[in-house]
1. With just the Cα atoms defining each centre, how far is the stretch 152-200 from the stretch 224-266? Give it in Å.
2. So if I place +1 on the C-beta of Lys and Arg and -1 on the C-beta of Asp and Glu, and nothing else carries charge, what would the dipole magnitude of the chain be about its Cα centre? I want it in debye, nearest 20.
3. Between rounded, prolate and oblate, where does the stretch 55-180 land on the alpha carbon gyration tensor, with a ≥ b ≥ c its root eigenvalues, rounded for a/c under 1.5, else prolate if a/b exceeds b/c?
4. With contacts defined as alpha carbon pairs under 8 Å and 6 or more residues apart, what's the relative contact order of the stretch 87-209 in percent?
5. When a/c is below 1.5 the answer is rounded, else prolate if a/b is larger than b/c, else oblate, so apply that to the stretch 171-222 with a ≥ b ≥ c taken from the square roots of the Cα gyration tensor eigenvalues.
6. At a 10 Å Cβ-Cβ cut-off, how would you order Tyr202, Tyr172, fewest neighbours first?
7. Send over the Kirkwood Rh of the stretch 243-291, from the inverse of the averaged 1/r over different Cα pairs, rounded to one decimal Å.
8. What is the gain in length, in nm to one decimal, between Ser178 and Glu42 on full extension, counting 0.36 nm per residue of separation less the C-alpha to C-alpha distance?
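Just so it is clear, none of the values below were taken in a lab; they were calculated from the coordinates. From a predicted model like this one, the values you see are computed outputs, not experimental measurements. Reconstructed Cβ throughout: ideal geometry from the backbone, glycine too, with neighbour counts over all protein chains shown.
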Amino acid sequence: MKSIEYQLSRRCFVQSLAAVLATLQLAPVRVWSAVNSPLRKEIPGTGESLPVIGMGTSRTFDIDSRGQLDSLAPVMRAFFANGGELIDSSPMYGAAEQVIGELLQRIGHREPLFAATKVWTDGAQAGVRQMEDSARKWGVKRFDLMQIHNLVDWQTHLRTLKRWKAKGKVRYIGITTSHGRDRRELETILRTEKLDFVQFSYNIADRSAEDRLLPIAAERGMAVLINRPYQRGGLFRTVKGKELPEWAAEFDCVSWGQFFLKFIVSHPAVTCAIPATAKLHHMQDNMAAGFGRQPDAAMRSRMADYFARM
């Protein structure tokens, strides 16, 4: 009984704290205890590590007004205040890259930042111009990670990226897909090309990546970024009005968002999940998923079975 009371008290405290901070529009120092650090995973082959929760910018950072920019500043502050490092974007995301650059300048943040974007065009010279333009928008001298977006002209861009990496113009290179697109071709690329990162969709409702993509990435020594961890909100629609199971407290989980993210980042082959949000309280909740205990293999199976019955 004492344990249950403690869990409920902690849950109420965290939820109340998040509500107060959202009202004040202030970034928390830590979502959890100040003595805790976020879970980190190593990038295979280098020893460098990343926090398991990053930030995506698709749709959420494609804005066109100063008021929207003002509202995003505390969101980015909360990301960094809670140990965030990896920000992922793309020229495909409209104004997102320009917005990232303006926000980084506004909040005065530079380190630690793991800057990741993509090349999304046809042709070698067009790709070079696009990547250089992205660096100007972000205000960075070089990207930590440059990815080929949705396999667009991937053979051409991969040749460029290999040269850039050899010259130190980019630290890591990778390739991406989303929502199951072109996975057969992606499998072939992962088996035949030397890449540092791969990015694709994976979540508790769509676990098809467990069959081939995640094992291939682990076998080939590639870091894995996961996009669309909430199926663009679809997972929340499934659990709307339903209580979180009491046993979620066993891995320090107090919300459905944390439930979904902890399921993803606890997979041994996953390096980092990149949920996207434009809301402060959602960012705080996302970042909390990177703290505390994580589910083991048996618990992950229990989570998947529970969700499948909904």
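1. About 29 Å separates the Cα centre of the stretch 152-200 from the one of the stretch 224-266.
2. The dipole magnitude comes to about 300 debye.
3. prolate
4. 20
5. Numbers: a/c = 1.65, a/b = 1.58, b/c = 1.05.
Prolate shape, in that a/c is at least 1.5 and a/b is the bigger ratio.
6. Neighbour counts put them in this order, fewest first: Tyr172, Tyr202.
7. Numbers: mean 1/r = 0.0886 Å⁻¹.
Every distinct Cα pair counted, the radius reaches 11.3 Å.
8. The Ser178-Glu42 span can extend by a further 46.7 nm.
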